[in-house]
Amino acid sequence: MSHDASELARGLAREAEAVCRHYLSNGRRAGRYWLVGDVHNTPGRSMFVRLQDSPKGPAGKWTDAATGEHGDLLDIIRESLGLREFRAVAEEARRFLKLPRTEPEFASKPDRPAVPDGSQAAARRLFAISGSIERTVVETHLRRRGIVHIHHGGSLRFHPRCYYRPDEHSPTETWPAMIARVTDLDGRITGVHRTWLDPHGFDRIRLGKAPIDTPRRAMGNLLGNAVRFGTADDVLAAGEGIETMLSLRCVLPTMPMAAALSANHLSAMVLPPGLRRLYIARDADAAGDMAQTVLAQRAEDAGIEAITLSPRLGDFNEDLHIFGIGALRATLAIQLVPEDVVSFLHSSTVPAE
């Protein structure tokens, strides 16, 4: 067990910043350290985690100046998730590092399917068997949210009977769903995001989503990756939600965009090489503010100009739905760099309201 713990700790230390962004998402990077309130992911600055090896200690070691507590990244996983048994901590660490399970664990479950639910292979299979969104409930759902004439580049598909299971004790249901592919910088599918939709109607509470507890779920490897619309060159816009970025794409159809699917994943998104300018489409809430701050700092550390795009309401889809495409266009015109107004905004074709 001690050997396994040492190997896992070393593996996590090599990915120290990614570990902190994932499990200590309320903190932020400051030089060679990650600062946060405590090991339970409380906002603050009293606990610091070394992100790189240094004469003062190896990467992954942390100290809480307020309490004197210290430990490694396995301790962070244990305490941030409230785990108590080492087996559960090790399993979570392996999941994060994408390491295989141990042979005895596989042997104890001979009925395990060849492609586990939630794996990258299952995600690729689901995307492959899904079809075009044209003339489907997906297109209707997006249109009702003000998103029309979009250029999604094949990143969105439709599945008429996508499996949904509330929990392991409940029967499986099927609902139509929008399937969005999550890719890495090389275009490889690492996961999918599913939005289950109601085939019978639309109301202001569910906004067209299926009447289930969790109508949005992702599967596969999301960390660092995104749902991409267009191929990034030297300019990219990034934000949290799919509908948020599609709303911007209604006005900026040729600007490459990426939806990271959550605030935590936005802050940890891998930035493409050669990027010169990054627009961060901020959601107007505390999590959105934190993601914007962290991602902007990472971009600036990499020599990338970071510019925040701020909505008038909660997010850009809400702006589009409430104020219309003309107002969204005007909002962006004063936030974009002038040369990008010429390159992207003025060249867009916007349908009449």
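The values are calculated or read from the model by the stated rules, or taken from the named source; none is laboratory data. Note that the coordinates shown come from a computational prediction; the quantities given were computed from them, not determined experimentally. Cβ: placed from backbone, ideal geometry, glycine included. Neighbour counts: every protein chain shown.
For Asp289, are the conditions met, namely being acidic (Asp, Glu) and either free of Cβ contacts under 8 Å to residues at least 24 places away in the same chain or touching a His at 6+ places or on another chain (Cβ under 9 Å) (or both)? Taking the combined requirement at face value, the residue satisfies it.
Listed conditions (1) over 18 Å from Gly224 (Cβ atoms); (2) out of contact with any Lys or Arg (no Cβ under 9 Å at 6 or more places or on another chain); (3) free of Cβ contacts under 8 Å to residues at least 60 places away in the same chain are all met by Pro253, apart from (3).
Residues in the stretch 34-47 that are in contact with a Phe, Trp or Tyr (Cβ under 9 Å, 6 or more places away or on another chain) and surrounded by fewer than 20 Cβ atoms within 10 Å (Cβ to Cβ) were compared, and the one that is farthest from Arg78 (Cα to Cα) is Leu35. All told, Leu336 meets the bar of being over 22 Å from Arg143 (Cα atoms), at pLDDT 95 or above, outside the structural domain of Gly44 (by TED's automatic domain parsing) and in contact with a helix residue (DSSP H, G or I) (Cβ under 8 Å, 6 or more places away or on another chain).
Of the residues making up the stretch 215-231, just one is of a type in the set (Gly, Ala, Ser) and farther than 25 Å from Cys20 by Cβ, namely Gly230. Being touching a Phe, Trp or Tyr at 6+ places or on another chain (Cβ under 9 Å) and modelled with pLDDT of 90 or more is a description that applies to Leu309. Scanning the stretch 139-158 finds no residues that are at pLDDT 90 or above, within 11 Å of Trp196 (Cα to Cα) and charged (D, E, K, R).
Yes or no, residue by residue, for (1) surrounded by 21 or more Cβ atoms within 10 Å (Cβ to Cβ); (2) over 30 Å from Glu92 (Cα atoms):
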| site | (1), (2) |
| --- | --- |
| Arg135 | no, yes |
| Glu139 | no, yes |
| Thr172 | no, no |
| Pro176 | no, yes |
| Ala180 | yes, no |
| His193 | yes, no |
| Thr231 | no, yes |
| Leu236 | yes, yes |
| Val251 | yes, yes |
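Here the strands (runs of 3 or more DSSP E) wholly within the stretch 220-259 that include at least 1 residues being at pLDDT 95 or above and more than 20 Å from Ala123 (Cβ to Cβ) are 235-239, 257-259. Considering the stretch 14-33, the residues that are of a type in the set (Gly, Ala, Ser) and surrounded by fewer than 21 Cβ atoms within 10 Å (Cβ to Cβ) include one that is nearest to Arg87 (Cα to Cα), namely Ala18.
The set of residues from the stretch 36-49 being out of contact with any Cys (no Cβ under 7 Å at 6 or more places or on another chain) and either at pLDDT 90 or above or assigned to a loop (DSSP other than H, G, I, E, B) (or both) comprises Gly37, Asp38, Val39, His40, Asn41, Thr42, Pro43, Gly44, Arg45, Ser46. Just one of (1) free of Cβ contacts under 8 Å to residues at least 40 places away in the same chain; (2) part of a helix (DSSP H, G or I); (3) touching a Ser or Thr at 6+ places or on another chain (Cβ under 7 Å) fails for Arg21. It is (1).
Among the residues of the stretch 298-319, those identified as over 19 Å from Val337 (Cα atoms) and not in a loop (DSSP other than H, G, I, E, B) are Arg298, Asp301, Asn317, Glu318, Asp319.
Output the residue which, of all residues in the stretch 307-330 that are free of Cβ contacts under 8 Å to residues at least 40 places away in the same chain and crowded, with 19+ Cβ neighbours inside 10 Å, is farthest from Leu345 (Cα to Cα).
Glu318
Within the stretch 80-98, the residues that satisfy the criterion of being in a helix (DSSP H, G or I) and in contact (Cβ under 8 Å) with a residue 24 or more places away in the chain are Ser80, Leu81, Phe86, Ala90, Ala93, Arg94, Phe96, Leu97.
Within the group Leu266, Leu246, which residue is closer than 24 Å to Tyr33 by Cβ and crowded, with 24+ Cβ neighbours inside 10 Å?
Leu266
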